[in-house]
1. Please give the helices (runs of 4 or more DSSP H) falling wholly within the range 282-357 in which 3 or more residues are closer than 18 Å to Val30 by Cα.
2. Scan the range 269-299 for residues that are in contact with a Phe, Trp or Tyr (Cβ under 9 Å, 6 or more places away or on another chain), among the aliphatic types (A, V, I, L, M) and at pLDDT 95 or above and report the count.
3. Confirm whether Thr202 is touching a Pro at 6+ places or on another chain (Cβ under 7 Å), crowded, with 16+ Cβ neighbours inside 10 Å, among the β-branched types (Val, Ile, Thr) and touching a residue at least 40 places away in the same chain (Cβ under 8 Å).
4. Name the one entry in Leu110, Leu171, Leu163 that is more than 30 Å from Arg204 (Cα to Cα), of a type in the set (A, V, I, L, M, F, W, C) and without any contact (Cβ under 8 Å) to a residue 40 or more places away in the chain.
5. List the pairs whose first member sits in the range 1-23 and is assigned to a helix (DSSP H, G or I), whose second member is not hydrophobic (A, V, I, L, M, F, W, C), and whose Cβ atoms are under 6 Å apart, counting only residues at least 6 apart or on separate chains?
6. Scan the range 76-99 and report the pairs whose first residue is of a type in the set (Val, Ile, Thr) and whose second residue is part of a helix (DSSP H, G or I), with Cβ atoms within less than 6 Å and a gap of 6+ or a chain change.
7. Applying the selection to the range 136-157, what residues are part of a helix (DSSP H, G or I) and surrounded by fewer than 23 Cβ atoms within 10 Å (Cβ to Cβ)?
8. In the range 329-357, which residue that is in contact with a Gly (Cβ under 7 Å, 6 or more places away or on another chain) and at pLDDT 95 or above is farthest from Asp269 (Cα to Cα)?
Amino acid sequence: MLYKDDWEYAKGKFIEYWEKENHDRPLVSVVAPRDGCKPGEIKAPEKLIDRWMDIEYVIQNARERFRTTYYGGEAFPCFWPNLGPDILGAILGWCDLEFGESTSWAVHNLHRWEEIEVLDFNPWNKWWKKMEEMTMAAVTDSKGDYFVGLTDLHSGMDALVSLRGPENLCLDLMDYPDRVKKATFEIFEVFKQVYDRLHEITTRNMPGSSTWLGVWHPGKWYPTSSDFICLISGDMFAEFVLPELEEEIRWLDASIFHLDGPGAIRHLDTLLSIPGLKGIQWVPGAGKPGASHWIPLLKKIQDAGKLINISTEREEIDVLLEELMPEGVMYHTWCKSEEDARDLLKKAEKSYKKKIY
């Protein structure tokens, strides 16, 4: 790999992580400005939409970012084609996308359930064609210089939010419960087709899979998620979310659940009880205390035998290294300099505390 000369070693650490066999230290993904690399100037398209859709520009911009970034520990250069978190809903054909500077939003087009008999995959859908084109272009360009990951596919209830909007979907749970349940499994079938088609493309140069989370697995893995669960009770989670989620987890070779914000914590016990779920990515949420303020929650995850995945500020990691066992733990952070990043990695190596699951 052009931008990471210890990639084979990093892959070995990821395999240890998935099996909770990284006894020497937690995994640390740390990035920093690369020493001696002056950022180049890449002319951005004038139109906002082109800054998302111009594939040549998007890939060129990614390559420049890879060139000027130091990837320490288990960090690695990964390009995942990105049209925003509602792309699966757009591929389903019942929402459109509206773009901002750094993200996109769904334009909900499924106004009545009577409008549609089944949600299925259309290989001629314009958003699917664009995502396929972007993924193929990245693989062609990378030639193994960097990893090409999968796009951000929110399945299940989150995809239904893309189609219906959160308020309407909450009402649907009461008014159309059977149709909602059926729809989650229809979406799962589309998710599998999209995943398999993209995975076939991304593995043409390099084996394994990765995503926006920056974790590599030798097989097919994905961060399962449902941001919608912050709006519903535990009983509704068990009725509407859990059945499809368990199927998704069984289908994948590995999965880590994206637990986003304090509103999702009430579902943690249920998630920890799912045998096939490998781990939890804890996101405290905007405006909330950092990761070091959630030690009891993180220890609960670890005591349940699940992996932990956390993105946090550099200063938070010092506390976490003292409180958590290294096995099955991965931190993502950033430093101001390559020297600072290397110092963090040395500190992580000294944080060994033995615990075998």
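1. Details: elements: 295-303, 314-323, 338-349.
Qualifying helices (runs of 4 or more DSSP H): 314-323, 338-349.
2. 6
3. Numbers: touching a Pro at 6+ places or on another chain (Cβ under 7 Å): no; crowded, with 16+ Cβ neighbours inside 10 Å: yes; among the β-branched types (Val, Ile, Thr): yes; touching a residue at least 40 places away in the same chain (Cβ under 8 Å): yes.
No.
4. Numbers: Leu110 fails: without any contact (Cβ under 8 Å) to a residue 40 or more places away in the chain; Leu163 fails: without any contact (Cβ under 8 Å) to a residue 40 or more places away in the chain.
When all the criteria are applied, what remains is Leu171.
5. What qualifies is Ala10/Glu74; Lys13/Glu74; Glu16/Asn22.
6. Ile91/Trp127; Ile91/Trp128
7. Step one: filter the range 136-157 for residues part of a helix (DSSP H, G or I), giving 136-142, 156-157.
Residues satisfying the conditions are Met136, Ala137, Val139, Thr140, Asp141.
8. First, the residues of the range 329-357 that are in contact with a Gly (Cβ under 7 Å, 6 or more places away or on another chain): 332, 341-342, 345, 357.
Going one step further and asking which of them are at pLDDT 95 or above, we end up with 332, 341-342, 345.
On the way: His332: 24, Ala341: 35, Arg342: 37, Leu345: 32 Å.
In this case the residue turns out to be Arg342.
The values are calculated or read from the model by the stated rules, or taken from the named source; none is laboratory data. Everything numeric here is computed off the predicted structure, so don't read it as measured data. Methodologically, a virtual Cβ is constructed for each residue, glycine included, from the backbone with ideal geometry; neighbour enumeration extends over all protein chains shown.
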